[in-house]
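The values are calculated or read from the model by the stated rules, or taken from the named source; none is laboratory data. Owing to the predicted nature of the structure, the values given are computational and were not obtained by experimental measurement. Note: ideal-geometry Cβ built from the backbone for every residue, glycine included; neighbour counts use all protein chains shown.
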Amino acid sequence: MVHRVGLIIPSSNRMVEEEMIRFYPKDVVAHVTRLRMTGPHKKPLADLLVQIETAAASLVDAKCNVVTFHCTVTSMSDGPSGEAKILNALKTARAPFFATTSTAVRAALDACGARRVALITPYDLHKTEEEIEFLEDAGYQVVFAKGYDLPNSDAYCSTPAGAWREHVLEAKRDDVDAYFLSCANIQALGEIDGLEAALGKPVLTSNQVVIWDGLRQIGLTDGIGGPAHCFAARENPPATSSSGAPVRGGPRNEKGNR
């Protein structure tokens, strides 16, 4: 049986297909649609919601089982109330299951039992502080945060994965439960296993948690493989269906790493 996941991403994103698609199981097809919403096209969330709903509806037309609005900054920048508005747009589009990058991050942190977080981003100070505020409003303690103030999406995409590996290693702290490397438009998935081995703690990235959360929502976490500790986490937070009822995914595999 073929399962379909739908992703709504910024038009400037060039890393989602390259980074994410290879980590989905063979019976899962990813469908991607883009919106102009970042950089010179950035607009208030209120002006973006209709576009999000329309994009989600197009993915529902493609029979996607789960639809995720996948932009870390946009899903966090207006706080929990903004996240709720995006979720409502996805629900209105009648997505069977739905999420945002921010809800996937929270689900993964909870699955790993992480409350104290080190945050690493490619963003400027303002965007990084918005993510700190979101995470702390959601009940996490950000004990370390650093944004690398890259100028634009070209810089995000061209920064090699090894640079992000070094940035995460530089953030090593004893009081951290998990490291979160934010942004869907960077190369990092291939570094997660090595970072977890070096740090002895879960390392989460935006693309990784969206893969995991989408599969979790439709009950496909058993034997999925893929990078990182969160794929093997024991706790399974409830999924979100269009009916609003909590739905639990299938059991996780004992070893999640490929």
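If the condition is being surrounded by fewer than 17 Cβ atoms within 10 Å (Cβ to Cβ) and either out of contact with any helix residue (DSSP H, G or I) (no Cβ under 7 Å at 6 or more places or on another chain) or closer than 20 Å to residue 209 by Cα (or both), then segment 158-185 contributes 158, 160, 161, 162, 163, 166, 169, 170, 173, 174, 175.
Is it the case that residue 99 is surrounded by 14 or more Cβ atoms within 10 Å (Cβ to Cβ), under 21 Å from residue 130 (Cβ atoms) and at pLDDT below 95? Spell out the reasoning first.
Values: surrounded by 14 or more Cβ atoms within 10 Å (Cβ to Cβ): yes; under 21 Å from residue 130 (Cβ atoms): yes; at pLDDT below 95: no.
Answer is no for this residue.
It is to be established whether one or more residues within segment 161-170 are assigned to a loop (DSSP other than H, G, I, E, B) and either modelled with pLDDT of 95 or more or not assigned by TED's automatic domain parsing to the domain that holds residue 217 (or both). No, every residue in segment 161-170 fails to be assigned to a loop (DSSP other than H, G, I, E, B) and either modelled with pLDDT of 95 or more or not assigned by TED's automatic domain parsing to the domain that holds residue 217 (or both).
For residue 149, are the conditions met, namely being over 15 Å from residue 123 (Cα atoms), part of a loop (DSSP other than H, G, I, E, B) and either without any contact (Cβ under 8 Å) to a residue 60 or more places away in the chain or within 20 Å of the chain's Cα centre (by Cα) (or both)?
Values: over 15 Å from residue 123 (Cα atoms): no; part of a loop (DSSP other than H, G, I, E, B): yes; either without any contact (Cβ under 8 Å) to a residue 60 or more places away in the chain or within 20 Å of the chain's Cα centre (by Cα) (or both): yes.
Spelling it out, it is not the case that residue 149 is over 15 Å from residue 123 (Cα atoms), part of a loop (DSSP other than H, G, I, E, B) and either without any contact (Cβ under 8 Å) to a residue 60 or more places away in the chain or within 20 Å of the chain's Cα centre (by Cα) (or both).
Please go through (1) over 22 Å from residue 191 (Cβ atoms); (2) under 20 Å from the mean Cα position of the chain (by Cα); (3) free of Cβ contacts under 8 Å to residues at least 40 places away in the same chain for residue 165 and return the number of the only condition it doesn't satisfy. It fails just one condition, (1). For residue 111, the conditions (1) under 25 Å from residue 159 (Cα atoms); (2) touching a Phe, Trp or Tyr at 6+ places or on another chain (Cβ under 9 Å) all hold with the exception of (1). Entry remark, segment 15-55: residues being in contact (Cβ under 8 Å) with a residue 60 or more places away in the chain and over 22 Å from residue 212 (Cβ atoms) number 2 in total. Within the bounds of segment 54-65, is there any residue that is of a type in the set (Ser, Thr, Tyr) and either at pLDDT 95 or above or in contact with a Gly (Cβ under 6 Å, 6 or more places away or on another chain) (or both)? Yes, some residue in segment 54-65 is of a type in the set (Ser, Thr, Tyr) and either at pLDDT 95 or above or in contact with a Gly (Cβ under 6 Å, 6 or more places away or on another chain) (or both).
The strands (runs of 3 or more DSSP E) found wholly in segment 27-146 and carrying at least 3 residues that are outside the structural domain of residue 174 (by TED's automatic domain parsing) occupy 28-35, 66-69, 97-100.
When segment 58-83 is examined, which residues are found to be farther than 26 Å from residue 153 by Cα and surrounded by fewer than 24 Cβ atoms within 10 Å (Cβ to Cβ)? So that I can check it myself, show each step before the final result.
Filtering segment 58-83 down to residues farther than 26 Å from residue 153 by Cα leaves 60-66, 81.
Result: 60, 61, 62, 63, 65, 81.
Exactly one residue among 107, 93 is in contact with an Asp or Glu (Cβ under 7 Å, 6 or more places away or on another chain), closer than 17 Å to residue 210 by Cβ and among the small types (Gly, Ala, Ser), and that residue is 107. Only a single item in (1) under 24 Å from residue 215 (Cβ atoms); (2) over 16 Å from the mean Cα position of the chain (by Cα); (3) acidic (Asp, Glu) is not met by residue 129, and it is number (1). Considering (1) polar (S, T, N, Q); (2) assigned by TED's automatic domain parsing to the domain that holds residue 46; (3) buried (at least 18 other Cβ atoms within 10 Å of the Cβ), the lone condition that residue 153 does not fulfil carries the number (2). When restricted to residues that are crowded, with 23+ Cβ neighbours inside 10 Å and either at pLDDT 65 or above or closer than 22 Å to residue 84 by Cα (or both), segment 196-232 contains 20.
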